[in-house]
Amino acid sequence: MNTESHSVDAEKLKPVLHLKIEQMNDRQLTVLSRVLLQMEAEEAAERLGEAFERDQEEGKMRRIPELVRKHRQANPYA
């Protein structure tokens with residue numbers, strides 16, 4: 001997707017969406033809020049998944065048992 005045309009479309013879309021939001025009732029606003037929260041959660045999950053994959057590719061996950069062992073040795077529990 002062309003980023004330049006995407007941003008132009010977004011700029012045209014913003015006032016339309018603002019108007020629609022202003023016209024929504026309480027129930028519609030609640031639903032919209034939930035949709036936006038779901039979008040944010042999905043984006044965060046995607047970023048976390050990508051970071052996890054990078055960590056695996058870099059071999060960081062193999063060090064977890066060693067790091068846990070060192071932490072437990074340095075911080076014994078009562």
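Can you list which of the GluC sites (Glu not before Pro) found in segment 47-78 are DSSP loop residues with at most 13 other C-beta atoms within 10 Å? Present the calculation step by step, with values, prior to reporting the outcome.
Numbers: sites: E50, E53, E57, E58, E66; in loops: E58.
Listed in order of number, the matching sites are E58.
Using 7 Å Cα-to-Cβ label points, what is the Q23/D9 separation (nm, one decimal)?
Roughly 2.2 nm, to one decimal.
What net charge is computed for the residues neighbouring E46, neighbours being all others with C-beta under 12 Å from the C-beta of E46, Lys and Arg scored +1, Asp and Glu -1?
Details: positive: R47; negative: E40, E42, E43, E50, E53.
Taking every Cβ under 12 Å from that of E46, the sum is -4.
Taking 22 Å as R0, compute the FRET efficiency from the Cβ-Cβ separation of E40 and K60 and round it to 0.05.
On the way: r = 26 Å, r/R0 = 1.19.
That gives a FRET efficiency of 0.25.
Taking 7 Å along the Cα-to-C-beta vector as the label spot, tell me the E53-K70 distance in nanometres, rounded to one decimal.
Going from the E53 label point to the K70 one covers 2.8 nm.
Can you give the calculated 222 nm mean residue ellipticity of the chain, where each DSSP H run of n ≥ 4 adds -39,500 (n - 2.57) and the sum is split over every residue, rounded to the nearest 500 deg cm²/dmol? Write out the running numbers ahead of the final one.
On the way: 3 runs with 63 residues, N = 78.
About -28000 deg cm²/dmol.
Computed over the Cα atoms, what is the radius of gyration of the chain divided by 2.2 N^0.38 Å, N being its residue count?
Taking the Cα Rg and dividing by 2.2 N^0.38 Å, one obtains 1.94.
Please turn the phi angles of segment 70-77 into ³J(HN,Hα) values with the Karplus equation 6.51 cos²θ - 1.76 cosθ + 1.60 (θ = phi - 60°), one per residue in order, whole Hz, x for glycine and proline.
4, 4, 5, 5, 7, 9, x, 8
Where a number appears in this text, it was derived from the coordinates with a stated rule and is not lab data. Since we're looking at a predicted model, the values are computed, not measured. Cβ atoms come from the backbone with ideal geometry, glycine included; neighbour counts cover every protein chain shown.
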